[in-house]
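Read the structure below first, then the notes.
Nothing in this text is a laboratory measurement; each read-out follows from the coordinates by a stated rule. For clarity, every value in this text was computed on a predicted model and none was experimentally measured. FYI the Cβ positions are ideal-geometry reconstructions off the backbone, even for glycines, and counts take in every protein chain you see.
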Amino acid sequence: NEKASSLTLGYLARLASREQWSDSFTQSVYTSLENRVDIDSRGAYVKSNVGNVIWQYYETPVKNTALFLKALAASQRSYSQTDKLLRWLLASRSRDGAWGSTQNTLSVIDAFTEYLSWKKETESDFALTFSLDNAKIETFDFSKNTILSIFEKFLPLSSFEPNTMHTVLFEKDNRNDLVNVFYYDL
């Protein structure tokens, strides 16, 4: 139902992953949610249905996006914009580490926990080498102790010759049999 709130669709998607509902109904719920995904400079998020926002249950784009991520993890469903959903949620965090309210923060942490458990990303073990124009810049080891660490490398503008095409290269050396996904922003 296109008139449903995004929060309602998120909860329906979660229920559909646990119940044996028809594939057509489940697909229509996910399609409705996917149609509400909007992309901005921070990533992708589930916007609210302005005609039906459930304020009593603290519906916000942060909570909607977290619930959608949680539904994807529960149903182990692939979605082409998942990396952008993750990036948007991380970019929406305040300086104090929260997501604006206790409800939002709890929803995001809950969604991240389910997503990381599903993808086994906390068990990743790999070395990531960053190169610019075939010159190795830095290597970072991701393991269970550093998997939630952010590897940042700042290159001054003087590192780049004007009017020249430059190549950025990531080389990943897996040390286990997992997918070992990494996310980057440039």
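Run lengths n ≥ 4 of DSSP H only: what is the helix-derived mean residue ellipticity at 222 nm for the chain, with -39500 (n - 2.57) per run over all residues, to the nearest 500?
Here the helix-only value at 222 nm equals -12000 deg cm²/dmol.
What the Kirkwood sum gives for segment 118-167 is a hydrodynamic radius of 13.0 Å, with every pair of different alpha carbons counted.
Each residue of segment 36-52 is assigned a 3J(HN,Hα), and the resulting list reads 8, 6, 10, 10, 10, 5, 8, x, 10, 8, 8, 7, 7, 7, 4, x, 7 Hz, derived from the Karplus form 6.51 cos²θ - 1.76 cosθ + 1.60 (θ = phi - 60°), x at Gly and Pro. With the highest mean first, a sort of the peptides 114-120, 10-16, 134-140 on other beta-carbon atoms found within 10 angstrom per residue produces 10-16, 114-120, 134-140.
Cross-linked pairs Lys63/Lys120; Lys70/Lys136; Lys47/Lys120: Cα-Cα separations exceed 26 Å for Lys70/Lys136; Lys47/Lys120.
Angle of helix 61-75 to the longest C-alpha principal axis of the chain, folded into 0 to 90 degrees and rounded to 10: 90°. If you model segment 14-88 as an ellipsoid using its alpha carbon gyration tensor, with each semi-axis the square root of five times an eigenvalue, the axes come out at 20, 16, 11 Å, biggest first. Taking the Kirkwood radius as Rh and the Cα radius of gyration as Rg, segment 51-157 has a ratio of Rg/Rh equal to 1.05. Indicate the gyration tensor shape class of segment 65-109 (rounded, prolate or oblate), computed on the Cα atoms with a ≥ b ≥ c the square roots of the eigenvalues: a/c under 1.5 is rounded; otherwise a/b larger than b/c is prolate and the rest oblate. Cα axes put segment 65-109 in the oblate bin.
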